[in-house]
1. For segment 162-270, which GluC sites (Glu not before Pro) pass both filters: DSSP loop (anything but H, G, I, E, B) and at most 12 other C-beta atoms within 10 Å?
2. Give me the one-decimal nm value for the distance between modelled label points at ASN317 and ALA92, 7 Å along each residue's Cα-to-Cβ direction.
3. I want to verify a result. In a Gaussian network model of the chain, Cα cutoff 10 Å, which of these has the top mean-square fluctuation: LYS304, LYS154, LYS277?
4. How much mean residue ellipticity at 222 nm does the chain get from its helices, if each DSSP H run of length 4 or more adds -39500 (n - 2.57) and you divide by all residues, to the nearest 500 deg cm²/dmol?
5. Around GLN88, what is the net charge, scoring Lys/Arg as +1 and Asp/Glu as -1 over all other residues with Cβ under 10 Å from its Cβ?
6. PRE reach from ALA244 (point 7 Å along Cα→Cβ): which of segment 188-228 fall under 19 Å by backbone N?
7. Under a point spin-label approximation (7 Å from Cα along Cα-to-Cβ), what is the LEU60-ALA148 distance to one decimal in nm?
8. When the chain is modelled as a GNM with alpha-carbon springs shorter than 10 Å, which of THR114, THR316, THR89 fluctuates the most?
Amino acid sequence: MKRILTVLALISTLGLTAWTLLNNKEAVEARVYKPNPDQKVGVRAATAELRNLTQASEFLGSFSPNRTIEIRPQAGGQIVQLPIEEGQTIGAGRLIAKLDDEQIRYQIEALQVTLEGYQNDLKRYETLVKGDATPAINLERTQLSIRATQAQIKQLQKQLANTTVTAPFAGIVTEKMAERGSVVSVGAPIAKVTDISSLKLVVDVPEKSINQFRVGQSIAVETEVYPQVRFTGRVSMISAEGDAAHNYPVEITVRNSAAHPLRAGMYGSIANTSQLKSQTLAIPRQAIVGSEKQPQVYVVEGGKAVLKPVKIGATTNDYYEIISGLTAGSQVVTSGQINLQNGTPVVVQ
């Protein structure tokens, strides 16, 4: 009897549990949102149409001088003149420094005296040789001495010219490395001259965009210091070798402006626009759902959103080229796809 009561109690407990679970399931299902299949979902749409696809790419870089040189004398000695200061603008051929040349001038004067003596000897020997009064070898030796002395004089004149140090091109003295009265050796730097009459904007261009540039191409350059001014640059060099990240240095030469002077080290940027396709079927990027391997779009047909697979081609920052799956004039959903399923009624807002 006791066993029967235990079984009945167990059966009652199980029945009560099942009844409770059933009631809970019905309550949960009642609270779950069930979309009304006849209710229209508001979406935004765009029309698939033929358009020119262009891609704008912006690249940032910094300006470097057109050229920079350290002025190094080809002679040594004491600096007796140094008429330059840092920041000074100088022209091509302007005197940078003058070295002491007194000793060289004395050597040249001594050799000129020696040369004059040899030339007088030459005249006497020419007369004596004609009269067989002296061997012809004396005449030849004198001629050789004259040539050797002339060569020595030319060498010293070259050294004399090297004591005058001039600027090879116009520019700005950006560094003064010596002072008047100091003694410098051959090749020791005296000053640094920088030419910024034009500057070189160097930007790193990724591999996928490098074919957008060509040497000689004219391109607009913008700067942070003059945001309202656009400079005209010309592509002067495209590197034949990229770095580890597959970026290629491109050099754009920009003529400096007196009204808006640029300086080396300033930032500059270029925006290059290239045409990818002309008059091709395209839709906004926001219209694509799914993955790149299996792209799909919702097309509005008969008041419903119909999910269709498409094949995409060229891409820009704003548009996808559609190779197949749509026709010109198709209306594609660009916003609100999260609320859609294939066949959902929609209203274009």
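Just so it is clear, none of the values below were taken in a lab; they were calculated from the coordinates. Keep in mind the model is a prediction, meaning the values are calculated, not measured. Backbone-built Cβ (ideal geometry, glycine too); neighbour counts: all protein chains shown.
1. Filter output for segment 162-270: GLU179, GLU224, GLU241.
2. Roughly 4.2 nm, to one decimal.
3. LYS154
4. Value at 222 nm, helices only, nearest 500: -9000 deg cm²/dmol.
5. Every neighbour counted, the sum reads 0.
6. 204-207
7. 7.0
8. Ranking THR114, THR316, THR89 by mean-square fluctuation puts THR114 first.
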